[in-house]
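Read the structure below first, then the notes.
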Amino acid sequence: MLRSALATLLILGAAPALAQPKADPDWPCAQRKVSTLGPGAVWTGPDPTQALAEWGNDTDAALLAQKIASRRLPLEEVDGLLDAFAGKLDKAEKDARLTRVFAGVFEVLNGERDKVVAGIGRYARGQRVMAERIRDEAGKISEVKTAPDVPDTKELTELETRFAWDKRIFQERSQSLTYVCEVPTLLEQRLGAIAKKIQARL
């Protein structure tokens, strides 16, 4: 039982390394880590530099940006909201104000993405600490079982119970990490899709 548990632990620990050679030891995802996402990754419209600085001052653009950036809003509903906003704009202000909407969406989704990426790093560090604790627990169990004296049954039971519990938590967290690792990509996809919708109305 102990041997199979250790084998499982080693496989779980090695999986991220096999999935992707990486420089950052705190990045456990198969997806390549992109620490900073720039507007140019998804935007080919007007230069958004000024819009990024002032989008919050345009109340209507800011409210729309925050609404369509929310993952609770289905992407198919974004078109109607953009059409309603763009339909009220003069031709002279259309590009600037729609670019502000993009700037707001970018700030909201990129900020959310940054928090997720940082959280994944903390999560991975926690997993590494737990993996080390499980290895220590496995070593102590082995020492107790192979000791020349008669093993202390109570101590052995407590060690095995703690080992089994920690291993279960570690495995559940590893499975959860698979889903968490997808979140930055999903945010990037949403940002790209909304950027295209806005650009189509310029």
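The values are calculated or read from the model by the stated rules, or taken from the named source; none is laboratory data. Please read all numbers here as calculations on a predicted model, not as lab measurements. Cβ sites come from the backbone with ideal geometry, for glycine too, and all protein chains shown count toward neighbours. These accessible areas exclude ligands, DNA and RNA; they are computed on the full protein's heavy atoms, side chains included. Shrake-Rupley method; radii C 1.70, N 1.55, O 1.52, S 1.80 Å.
For the reader, a short list of remarks on this structure follows.
- Relative contact order of the chain, defined on C-alpha pairs under 8 angstrom at six or more residues apart (%): 34 percent
- Mean-square fluctuations from a GNM of the chain, with a 10 angstrom spring cutoff on Cα atoms, peak among Pro39, Pro148, Pro25 at Pro148.
- Hydrodynamic estimate: the Kirkwood radius of region 39-200 over Cα pairs, inserted into Stokes-Einstein at 10 °C and 1.306 mPa s, corresponds to D of 82 µm²/s.
- For the chain, the fraction of 1.4 Å probe accessible surface lying on carbon and sulfur atoms is 55 percent.
- Net lengthening on full extension, Ala41/Asp114 (0.36 nm per residue, minus Cα-Cα): 24.8 nm
- Glu155 paired with Thr185, simple spin-label distance in nm, labels 7 Å along Cα-to-beta-carbon: 4.8 nm
- Highest mobility in the GNM of the chain, judged by mean-square fluctuation with C-alpha springs under 10 Å and restricted to Glu137, Glu155, Glu112, is found for Glu155.
- Highest average first, the peptides 105-111, 29-35 ordered by how many other beta carbon atoms sit within 10 Å of their residues are 105-111, 29-35.
- Solvent-accessible surface of the chain, averaged per residue with a 1.4 angstrom probe and all protein chains in place: 59 square angstrom.
- Proximal lysines relative to Lys67, as straight alpha-carbon distance under 30 Å, when same-chain residues fewer than 8 apart are discounted: Lys33, Lys88, Lys91, Lys94, Lys115, Lys196, Lys197
- Taking every full run of DSSP H in the chain, the ones that stretch at least 18 Å from end to end by Cα along their long axis and average 0.5 or higher on the Kyte-Doolittle scale are 2-19.
- If you take the Cα centroid of region 174-193 and the Cα centroid of region 56-115, the two points sit 21 Å apart.
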